[in-house]
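See below for the structure under consideration.
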Amino acid sequence: MAKNSSPKKRGFWNQILSLFQSDQSEKGLDSEKRKKEPKSFLMEWATANESWKKKLPTKQVNSGLVTETKKFRLTKTNEKLFRIEGEDYSIILVADNHLYKNKDGKWAGVLFVDEGDLNQNLTKEIGKLDDFLNQFAIPKADLFLETDAPRDDWRVVLGWERFWQEQLLLQMSPNSLALAMLAIGDECKDFFVKIATERQKRLVRDELFYLNLGVSNQNNPHSKTKNLYGFGSALKEFGNKINLIQERREKELEHGA
């Protein structure tokens, strides 16, 4: 009959096993930690951009069918106008104020207004779009009116001097900047990469990293309540900052003239 190992030998092997398990556990923790560290800006951008495509189907078609199931069907008319149809309903959905130029060169689209304000302003002469927007206090920054495509007028910044381009990036919070770039696309990302400081790139990279994790991070105050679906407010912030910097730039140019 085999003899049982002595308590001293068992203690020795238990220590060896414990050290081995501890080493493996530390390696596992180190590996997990490495997985959760931000990668390069471009790698985090690529991951976030792919998530954007998967999670926001309304952004993947210009018009037509967005999605259809046995229970409902969603179609898209333009950037902000949708129709959803179910078993006992068919409803027009407006995602936000939206203006665009029609084939006759006139502004068309949908604007939210208070009906009381509408009645109050009926006695005034509203011949131009600018008159209308001023009467109802609708900020142009929310509408992106400079070109036919609602989100394209941000390109006005491409003609600014570098100083003012840098000022725009300084005015933007990193989380909103990350979301605005995702919403607008690669052209805006390329502008950011060209103008941003290394510190700004790290900050926005971290925001993309937290978006890619899909969870809030208490150590990052900007990311606590932000996710890919918050791009609407980010675009408005971007538009407001463009207006702000443009006004400052124009005053500076007038003063220097």
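The values are calculated or read from the model by the stated rules, or taken from the named source; none is laboratory data. What you are looking at is a predicted structure, and each value in this text was computed from that prediction instead of being measured. Note: ideal-geometry Cβ built from the backbone for every residue, glycine included; neighbour counts use all protein chains shown. Heavy atoms of the whole protein, side chains included, go into the accessibility calculation; ligands, DNA and RNA do not. Shrake-Rupley method; radii C 1.70, N 1.55, O 1.52, S 1.80 Å.
Looking across segment 55-68 at every residue that is open to solvent by 70 Å² or more (accessible area, probe 1.4 Å) and not in a helix (DSSP H, G or I), the one that is farthest from residue 95 (Cα to Cα) is identified as 68. The set of residues from segment 159-173 being more than 25 Å from residue 229 (Cβ to Cβ), part of a helix (DSSP H, G or I) and open to solvent by less than 80 Å² (accessible area, probe 1.4 Å) comprises 159, 164, 165, 166, 167. If you go through segment 180-194 and keep only what is aliphatic (A, V, I, L, M), more than 14 Å from residue 41 (Cα to Cα) and modelled with pLDDT of 90 or more, you end up with just 180.
Does residue 52 count as open to solvent by 70 Å² or more (accessible area, probe 1.4 Å) and in contact with a Leu (Cβ under 8 Å, 6 or more places away or on another chain)?
No; evaluated as a whole, the condition is false for this residue.
For segment 174-211, the set of residues classified as of a type in the set (D, E, K, R), surrounded by 15 or more Cβ atoms within 10 Å (Cβ to Cβ) and within 18 Å of residue 162 (Cα to Cα) consists of 189, 201, listed by residue number.
Every residue, every condition in (1) outside any loop (DSSP other than H, G, I, E, B); (2) of a type outside the set (S, T, N, Q); (3) without any contact (Cβ under 8 Å) to a residue 60 or more places away in the chain, yes or no:
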position	(1), (2), (3)
75	yes, no, yes
88	no, yes, yes
109	yes, yes, yes
119	yes, no, yes
124	no, yes, yes
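Can you tell me which residues in segment 226-257 are more than 17 Å from residue 48 (Cβ to Cβ) and at pLDDT below 80? Across segment 226-257, the qualifying residues are 255, 256, 257. Scan segment 112-125 and give yes if some residue there is modelled with pLDDT of 90 or more and surrounded by 12 or more Cβ atoms within 10 Å (Cβ to Cβ), otherwise no. Checked segment 112-125: no residue is modelled with pLDDT of 90 or more and surrounded by 12 or more Cβ atoms within 10 Å (Cβ to Cβ).
For segment 148-162, which positions are under 21 Å from the mean Cα position of the chain (by Cα) and at pLDDT below 65? Spell out how you get there, then give the answer.
Our first condition is that a residue be under 21 Å from the mean Cα position of the chain (by Cα); within segment 148-162, this holds for 149-158.
Within segment 148-162, 149, 150, 151, 152 meet the criteria.
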